[in-house]
Amino acid sequence: MHFPYAIGEEYIAATPERIAAYRRILEARRSEELEALRSELQDRYGQPPAGMEKIFYVGAVKLFARLYGWVRADVHPDRVLLDAGRELEPPARPLPGVQLFEGGNLELEFHGLDDFLTLGKRLKRLFA
């Protein structure tokens, strides 16, 4: 990760609740879980600080890494460079935001968490 991320005490004061939120975000198995949890936390604790999107972004990267078997992900605020661990066939139709390189390396570019979640779902075509 090339940026700090945290759930601040000013947002979730109780340490056990903050740890539980981290765990749920980082162990999500479907993007819908992340979206539902984001809504749940907003309902419970109010409007999240801007930095909260970062922890959800990290959770989304971990989610797609598990789903698609990525070997390595180098995570930046606006892109992810990843090693798929195998050669990938270019899709019949280009995937916006995806640049495919030799050796199973990809660069994913996006604008915000929602854009990344949408892009991650589209990657199914490459990793099927």
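How many residues, within the range 1-41, are in a helix (DSSP H, G or I) and among the acidic types (D, E)?
Residues meeting the conditions: 5.
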Practice task
Of the conditions (1) more than 30 Å from E102 (Cβ to Cβ); (2) more than 11 Å from the chain's Cα centre (by Cα); (3) surrounded by 19 or more Cβ atoms within 10 Å (Cβ to Cβ); (4) not small (G, A, S), L82 clears all except one; give me its number.
Solution key: (1)
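Considering every residue within the range 11-32, establish whether at least one is under 15 Å from the mean Cα position of the chain (by Cα), small (G, A, S) and closer than 20 Å to G120 by Cβ. Steps first, answer last, please.
We begin by selecting, within the range 11-32, every residue under 15 Å from the mean Cα position of the chain (by Cα); these are 22-32.
Remaining after also requiring small (G, A, S): 28, 31.
Restricting the remaining residues to those that are closer than 20 Å to G120 by Cβ gives 28, 31.
Looking for residues that are under 15 Å from the mean Cα position of the chain (by Cα), small (G, A, S) and closer than 20 Å to G120 by Cβ, one finds at least one in the range 11-32, hence yes.
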Practice task
May I ask you to verify whether L108 is farther than 23 Å from I55 by Cα and either modelled with pLDDT of 90 or more or touching a strand residue (DSSP E or B) at 6+ places or on another chain (Cβ under 8 Å) (or both)?
Solution key: no
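Name the one entry in P94, P90, P16 that is surrounded by fewer than 13 Cβ atoms within 10 Å (Cβ to Cβ) and at pLDDT 90 or above.
Values: P94 fails: at pLDDT 90 or above; P90 fails: at pLDDT 90 or above.
Being surrounded by fewer than 13 Cβ atoms within 10 Å (Cβ to Cβ) and at pLDDT 90 or above holds for just one of P94, P90, P16, which is P16.
Please verify whether the range 30-37 includes one or more residues that are under 23 Å from G112 (Cβ atoms) and crowded, with 17+ Cβ neighbours inside 10 Å.
We begin by selecting, within the range 30-37, every residue under 23 Å from G112 (Cβ atoms); these are 30-37.
Still in the list and also crowded, with 17+ Cβ neighbours inside 10 Å: 31, 34.
Looking through the range 30-37, at least one residue is under 23 Å from G112 (Cβ atoms) and crowded, with 17+ Cβ neighbours inside 10 Å.
So, Q42, is that one touching a strand residue (DSSP E or B) at 6+ places or on another chain (Cβ under 9 Å), modelled with pLDDT of 90 or more and either closer than 22 Å to A6 by Cβ or surrounded by fewer than 17 Cβ atoms within 10 Å (Cβ to Cβ) (or both) or not? Reasoning before the result, please.
Numbers: touching a strand residue (DSSP E or B) at 6+ places or on another chain (Cβ under 9 Å): no; modelled with pLDDT of 90 or more: yes; either closer than 22 Å to A6 by Cβ or surrounded by fewer than 17 Cβ atoms within 10 Å (Cβ to Cβ) (or both): yes.
No, not satisfied.
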Problem - Cβ-Cβ under 6 Å pairs, at least 6 apart or on other chains, the range 9-26 side without any contact (Cβ under 8 Å) to a residue 40 or more places away in the chain, far side part of a helix (DSSP H, G or I) and of a type in the set (D, E, K, R) - result: I12/R18; L26/K62
Handout entry: Boolean, A60 is among the small types (G, A, S), buried (at least 18 other Cβ atoms within 10 Å of the Cβ) and under 22 Å from G85 (Cα atoms)
Key = yes
Handout entry: Only listed residue being farther than 22 Å from Y5 by Cβ, free of Cβ contacts under 8 Å to residues at least 40 places away in the same chain and among the aromatic types (F, W, Y), chosen from F110, F101
Key = F101
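The values are calculated or read from the model by the stated rules, or taken from the named source; none is laboratory data. Because the structure is predicted, anything quoted here is derived from the model rather than measured. Here the Cβ is made from the backbone with ideal geometry for all residues, glycine too, and neighbour counts use every protein chain on show.
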